[in-house]
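Take a look at the structure below.
The values are calculated or read from the model by the stated rules, or taken from the named source; none is laboratory data. All values derive from a computational prediction rather than experimental measurement. Every residue, glycine as well, gets a Cβ built from its backbone with ideal geometry; the counts of neighbours run over all protein chains shown.
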């Protein structure tokens with residue numbers, strides 16, 4: 001008599017359809033008998049339901065539950081029978097293991113609001129979190145389970161790629177305006193169209209997108225776009241974009257639209273599929289020039305290796321900022337928040353022994369990210385960097401003092417190289433601090449002997465910059481944090 005338990009012990013977790021196939025082909029059972037045997041099975045045989053097409057189940061033994069083999073079998077099951085879930089995992093893999101809460105829905109084909117026949121992205125994400133396939137950290141980043149970490153996580157490269165993507169979409173917006181494809185101040189980022197989220201959307205009145213209604217009223221069509229850069233782009237990686245456009249085509253009353261996907265390198269299968277489905281494919285070097293794509297690559301490299309570059313070759317950062325300003329027509333001001341930790345790192349890199357940017361720590365079951373981690377001979381300086389135009393309020397400062405600092409401090413005191421050093425926590429904000437935040441910070445400085453803090457608004461930041469006697473660095477600060485108006 002065929003034993004389902006023995007099959008699972010030999011093959012590992014299986015989709016019900018695959019298990020039934022094996023019971024038929026290798027053990028001579030009829031389909032109906034195999035199905036009945038599976039439906040009557042009980043522990044240690046378990047089934048995961050509700051995620052897969054055609055009411056299929058994921059069948060496994062209790063002893064394998066949430067082991068590494070179980071997770072990899074589940075991801076394989078998603079790839080074949082639950083593509084909505086698989087698209088989330090592929091999006092994370094493509095973006096080096098991380099995506100922000102605001103960005104991730106863009107790279108899936110699950111709607112962000114109710115759409116008949118489709119599971120919303122918030123439900124999909126919660127399902128994956130409940131299964132412990134995904135995690136959401138305190139910094140608002142999704143990543144996949146440690147059981148899947150072999151797929152490669154690189155936080156700093158993710159940051160570089162996401163920053164580059166933001167620059168590229170802004171450049172696309174500028175290009176679209178210059179050829180009258182769109183109008184000024186109409187482009188939106190991570191915005192909704194047809195109940196899905198897109199990296200970029202903008203109304204367009206060009207023929208044949210616009211529509212004429214009664215009494216001469218004109219309705220626009222829409223330009224939809226996104227960018228995939230910094231990794232190998234294959235069919236799996238572009239499927240989310242194709243699926244979204246295909247769903248839009250079937251919606252009644254949808255506005256006309258023109259989809260663009262901007263790519264650095266894409267393989268033939270992916271390119272053919274995009275063209276077949278009517279997606280406009282824009283190669284970044286062909287659209288914006290070879291000098292532009294080289295700048296984008298340099299941006300990713302500097303962000304990914306910020307600690308080493310700012311310590312050993314800091315002028316590379318300053319040169320990058322100047323080239324960005326030249327090639328993207330001054331729009332780097334829109335990215336000043338993302339780049340500010342590099343500016344603070346540049347300052348510390350002139351004096352400290354070792355420098356780390358975007359350092360992740362895990363201590364006492366809690367995760368924290370450190371913007372700038374600078375180790376000096378007798379002290380450790382840990383900086384929180386906010387390149388904001390608006391002032392930080394008391395609530396933010398209170399959270400920094402009570403939630404972030406204590407965990408980082410305990411971690412540092414538990415590390416042999418740092419436990420004998422003075423630990424100073426810094427808060428840098430170009431927008432300054434409101435009165436209640438300043439009051440809280442000053443009270444803490446007076447009352448706490450254990451935790452040392454310093455805080456710097458833009459005036460104090462400029463004073464510190466002058467000590468470097470670097471005209472280039474002062475120019476960067478003036479260009480992006482004084483003149484910039486965002």
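Is it the case that some residue within region 130-144 is at pLDDT 95 or above, out of contact with any helix residue (DSSP H, G or I) (no Cβ under 9 Å at 6 or more places or on another chain) and either under 23 Å from residue 15 (Cα atoms) or assigned by TED's automatic domain parsing to the domain that holds residue 229 (or both)?
Within region 130-144 (the criterion being at pLDDT 95 or above, out of contact with any helix residue (DSSP H, G or I) (no Cβ under 9 Å at 6 or more places or on another chain) and either under 23 Å from residue 15 (Cα atoms) or assigned by TED's automatic domain parsing to the domain that holds residue 229 (or both)), the answer is yes, since at least one residue qualifies.
If a residue has to be loosely packed, with under 15 Cβ neighbours inside 10 Å, within 21 Å of residue 447 (Cα to Cα) and touching a residue at least 40 places away in the same chain (Cβ under 8 Å) to count, how many in region 380-397 make the cut?
Looking only at that region, the number is 1.
Output the number of residues of region 292-324 satisfying the condition of being out of contact with any helix residue (DSSP H, G or I) (no Cβ under 7 Å at 6 or more places or on another chain), farther than 19 Å from residue 162 by Cβ and not in a helix (DSSP H, G or I).
Within region 292-324, residues that are out of contact with any helix residue (DSSP H, G or I) (no Cβ under 7 Å at 6 or more places or on another chain), farther than 19 Å from residue 162 by Cβ and not in a helix (DSSP H, G or I) number 1.
Given the condition assigned to a strand (DSSP E or B) and farther than 20 Å from residue 141 by Cβ, answer yes or no: does some residue in region 328-344 qualify?
Looking through region 328-344, none of the residues is assigned to a strand (DSSP E or B) and farther than 20 Å from residue 141 by Cβ.
Matching residues to (1) farther than 26 Å from residue 83 by Cβ; (2) out of contact with any strand residue (DSSP E or B) (no Cβ under 7 Å at 6 or more places or on another chain); (3) modelled with pLDDT of 95 or more:
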{"residue": "212", "(1), (2), (3)": "yes, no, no"}
{"residue": "224", "(1), (2), (3)": "no, no, yes"}
{"residue": "234", "(1), (2), (3)": "no, yes, yes"}
{"residue": "245", "(1), (2), (3)": "no, no, yes"}
{"residue": "263", "(1), (2), (3)": "no, no, yes"}
{"residue": "271", "(1), (2), (3)": "no, no, yes"}
{"residue": "274", "(1), (2), (3)": "no, no, yes"}
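Taking residue 178 as the residue in question, decide whether it is surrounded by 14 or more Cβ atoms within 10 Å (Cβ to Cβ) and either over 18 Å from residue 91 (Cβ atoms) or at pLDDT 90 or above (or both).
no
Within region 274-284, track down each residue that is surrounded by 15 or more Cβ atoms within 10 Å (Cβ to Cβ) and under 26 Å from the mean Cα position of the chain (by Cα).
274, 279, 281, 282, 284
Any residue that is on the phi > 0 side of the Ramachandran plot and in contact with a helix residue (DSSP H, G or I) (Cβ under 9 Å, 6 or more places away or on another chain) - is there at least one of those in region 28-45?
no
Of all residues in region 112-127, count the ones that are crowded, with 21+ Cβ neighbours inside 10 Å and over 24 Å from residue 193 (Cβ atoms).
0
Scan region 331-350 and give yes if some residue there is at pLDDT 95 or above and surrounded by fewer than 18 Cβ atoms within 10 Å (Cβ to Cβ), otherwise no.
Checked against the condition, which is being at pLDDT 95 or above and surrounded by fewer than 18 Cβ atoms within 10 Å (Cβ to Cβ), region 331-350 yields no hits at all.
For region 93-111, enumerate the residues that are in contact with a strand residue (DSSP E or B) (Cβ under 6 Å, 6 or more places away or on another chain), buried (at least 17 other Cβ atoms within 10 Å of the Cβ) and either at pLDDT below 95 or part of a loop (DSSP other than H, G, I, E, B) (or both).
97, 98, 111
Can you find even one residue in region 64-78 that is assigned to a loop (DSSP other than H, G, I, E, B), touching a strand residue (DSSP E or B) at 6+ places or on another chain (Cβ under 6 Å) and surrounded by fewer than 22 Cβ atoms within 10 Å (Cβ to Cβ)?
There is no residue in region 64-78 that is assigned to a loop (DSSP other than H, G, I, E, B), touching a strand residue (DSSP E or B) at 6+ places or on another chain (Cβ under 6 Å) and surrounded by fewer than 22 Cβ atoms within 10 Å (Cβ to Cβ).
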